[in-house]
Amino acid sequence: MSLQLNLDFYEDKIEFYEAESIKALEEKIQAQIENNKALMLTVHSVSHQMYVSEEGRRFYSAVVHFKLKQNVGFPSGS
């Protein structure tokens, strides 16, 4: 019996967020940025939108594209 250790890393990760206030949306994204640091992922790009319902309520959404942090001392997938 032998133990094999697989060191494959996520190279890209896309996450979606939504909230009823811009502040809540920012807090959700910031919390996940901290979590993804453990996976050596950094923010590559952010896209966001705001929608106003017929009742006047605002909804905020965002898509965050994380990429594997470069220069971590590991060979890339190529």
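Nothing in this text is a laboratory measurement; each read-out follows from the coordinates by a stated rule. Values in this document were obtained by computation on a predicted structure and should not be read as measured data. Positions of Cβ are generated from backbone atoms using ideal geometry, with glycine treated the same way; all protein chains shown enter the neighbour counts.
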Can you run down the residue pairs with Cβ atoms below 6 Å, 6 or more apart or on separate chains, where the first is in the range 7-34 and in contact (Cβ under 8 Å) with a residue 40 or more places away in the chain and within 16 Å of K67 (Cα to Cα) and the partner is part of a strand (DSSP E or B) and among the charged types (D, E, K, R)? D12/K67
Could you list all residues from the range 5-58 that are in a loop (DSSP other than H, G, I, E, B) and surrounded by fewer than 10 Cβ atoms within 10 Å (Cβ to Cβ)? L5, N6, L7, D8, A38, S53, E54, E55, G56, R57
